[in-house]
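The values are calculated or read from the model by the stated rules, or taken from the named source; none is laboratory data. In this text, all values refer to a predicted model and were calculated from it rather than measured experimentally. All Cβ positions, even for glycine, are placed from backbone atoms using ideal geometry, and neighbour counts span all protein chains on display.
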Amino acid sequence: MTAAANRARLAKRIGVRALRTGIVLALLAWVLLPFYFLLLVALTSRADSLRTPPRWIPAMDFGSFQQIFDSAFSGAPPSNPSDLIVPGMQNSAVVAVCVAALNIVIAATAGYAFARFRFPGSRAMPGLMLGSQLVPVFALVVPFYVMLHSMDLDDTRTGVIIAHLGFTVPFSVWMMRAYFNGIPVEVDRAAMIDGCTRWQVFARVVLPLARPGIISVGLFSFMVSWNDFLFALVLNSRTDAMLIQPAISGLYNVREQSFGIMAAGTLLAALPTMLLALVSQRFLVRGLTSGVGKV
């Protein structure tokens, strides 16, 4: 009886593990197959991309990527949507880096103030800032456009940066406040007993301890800014300042569509945020979860 019971338990464990493995593999296929097809179309010729049935492992063809980069660095003015992909990536990189840097500075200082000082509204304002994230972005487009147009900042990268700060800073401040709340206040007091001023405590003691949170804020704001489509489209119509997401959408509006260039442009647009997420995954998870119980 004991041997039979052990065999039954072993069979049950194997069945449970097989079920878990099957679920994980199914989820991986659900997530990775679209990227595989995107890569497949980007690295095949036009004839192979229209082939029926498709080749699962076709001959490699980098013609789509070559066309994108050749048109970008030819020196000629843009004549078709594919010419705007590389300049769009450059503009998006400038905007996203500025948004990330400003988010880090604003969120670190404001988050520390909310975590360590008590003043009128110090408890209510973080909740209000977090609640502002519930406002649909569509409701913010017109106010931002009117404001930036009155300041002559529409159709500029500066205007897009201001708009992106408007809906990334509140969550970044809330995130940094939660992280600073997870750092014991005794650390500040010990540093002040040793002769540090409040600013020295913040810059030399607390900020190094909050590095995972700072990296998380930078990654979050960079990804949100890079992936934004609505504000980048509405607030900026100049081709020399166009960002990558509107540039990619332009590929789908031409009469003679090239699926290879569409896929190649989409891969180029997704590559920076994917690499950042993979390289900084450890810091991103730590920054988003640390201090969550002391919000």
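The table that follows gives values for the structure above.
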read-out	value
Residues satisfying the stated conditions in the range 195-234, i.e. under 15 Å from the mean Cα position of the chain (by Cα) and among the charged types (D, E, K, R)	ASP228
Breaking point among (1) assigned by TED's automatic domain parsing to the domain that holds PRO272; (2) closer than 25 Å to ALA42 by Cβ, for ALA113	(2)
Boolean, GLY127 is in a helix (DSSP H, G or I), over 16 Å from VAL217 (Cα atoms) and at pLDDT below 90	yes
Breaking point among (1) closer than 15 Å to PRO170 by Cβ; (2) modelled with pLDDT of 80 or more, for ARG118	(1)
Single match in VAL137, VAL97 (criterion: at pLDDT 85 or above, within 19 Å of the chain's Cα centre (by Cα) and in the same structural domain as ALA270 (by TED's automatic domain parsing))	VAL97
Residues being in a loop (DSSP other than H, G, I, E, B) and either in contact with a Lys or Arg (Cβ under 7 Å, 6 or more places away or on another chain) or under 21 Å from ASN103 (Cβ atoms) (or both) - total across the range 152-169	3
Residues (part of a helix (DSSP H, G or I) and touching a His at 6+ places or on another chain (Cβ under 8 Å)) located in the range 221-270	SER221, VAL224, SER225, PHE231
Among residues of the range 96-124, those that are on the phi < 0 side of the Ramachandran plot, part of a loop (DSSP other than H, G, I, E, B) and loosely packed, with under 11 Cβ neighbours inside 10 Å, counted	5
Single residue of ALA163, ALA113, ALA108 found to be in contact with a helix residue (DSSP H, G or I) (Cβ under 7 Å, 6 or more places away or on another chain) and under 22 Å from PRO212 (Cα atoms)	ALA108
Top-ranked residue in the range 9-54 [being at pLDDT below 80 and basic (Lys, Arg); ranked as nearest to the chain's Cα centre (by Cα)]	ARG46
